[in-house]
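Notes follow once the structure below has been shown.
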Amino acid sequence: MTDPRIRTATPDDLDTVLAFWKTAAEGASISDDRDGVERLVARDPEALILAERAGELVGTVIAGFDGWRCHLYRLAVHPAHRRQGIGGALLTAAEERFVRLGGRRGDAMVLTRNETGQRAWRAAGYSPEEQWRRWVKPLTDS
């Protein structure tokens, strides 16, 4: 098995990424549409990191940095390619990006029902902080 090729996404990748998330990501987000992902890549061209094998998309992670906090979203590996180091390679790339930007701690949002995801995050050295709760307010009706 060859190591995955890790690279940042380009606007040409976005439809492929959105289709990939339907297969590989757990749950859907309000931002999982073409406009949302286009805004992400336009605002921060290095935030959406892809893993490929033989030209096929096999994993993604969003490594967002707002100048203060390092946020990880959409760590997803195709089910047929899990447990092969792809998630780890993506997180290494994200963490290296954060360090270059001056980040000090990465945080990830993981659904409480996503046991597979929780195991992957724990294996990568992350742990839940039970004292925190995520508070949200939709800003649009869609």
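Which one of Ala123, Gly85, Met109 has its Cα pushed farthest toward the positive end of the charge dipole of the chain, where Lys and Arg give +1 and Asp and Glu give -1 at the Cβ?
Going by the Cα projections, it comes out as Ala123.
If you put +1 on each Lys and Arg Cβ and -1 on each Asp and Glu Cβ, how big is the dipole of segment 1-52 around its Cα centre, in Debye rounded to 20?
Around 40 debye, computed over segment 1-52.
If you place +1 on the Cβ of every Lys and Arg, -1 on the Cβ of every Asp and Glu, and leave all else neutral, what size is the dipole of the chain about its Cα centre, to the nearest 20 Debye?
Charge dipole of the chain: 480 debye, to the nearest 20.
On average over all directions, what projected area in square nanometres does segment 56-142 have, based on the convex hull of its Cα atoms?
7.5 nm²
Mind checking which of Thr10, Pro45, Gly64 is farthest towards the positive end of segment 1-75's charge dipole, using Cβ charges of +1 (Lys, Arg) and -1 (Asp, Glu) about the Cα centre?
In segment 1-75, that residue is Gly64.
I want the local charge near Leu14. Using Cβ-Cβ distances under 13 Å, sum +1 for each Lys or Arg and -1 for each Asp or Glu among the other residues.
-4
Which of the trypsin sites (Lys or Arg not before Pro) found in segment 1-100 are loop residues per DSSP with 10 or fewer other Cβ atoms within 10 Å of their Cβ?
Arg83
What 222 nm value per residue comes from the helices of the chain, counting each DSSP H run with n ≥ 4 as -39,500 (n - 2.57) and dividing by all residues, nearest 500 deg cm²/dmol?
Mean residue ellipticity at 222 nm (helix-derived): -10000 deg cm²/dmol.
Shape of segment 1-49 from its Cα gyration tensor (a ≥ b ≥ c, root eigenvalues): rounded if a/c is under 1.5, otherwise prolate when a/b > b/c, or oblate?
Taking the square roots of the gyration eigenvalues as a ≥ b ≥ c, segment 1-49 is oblate.
If I take the Cα coordinates of segment 1-137 and project them onto the principal axes, what are the three extents in Å, biggest first?
Result, largest extent first: 42, 32, 29 Å.
Values quoted throughout were computed directly from the atomic coordinates according to the rules given, and no laboratory measurement underlies them. These numbers come from a predicted model, not from an experiment. All Cβ positions, even for glycine, are placed from backbone atoms using ideal geometry, and neighbour counts span all protein chains on display.
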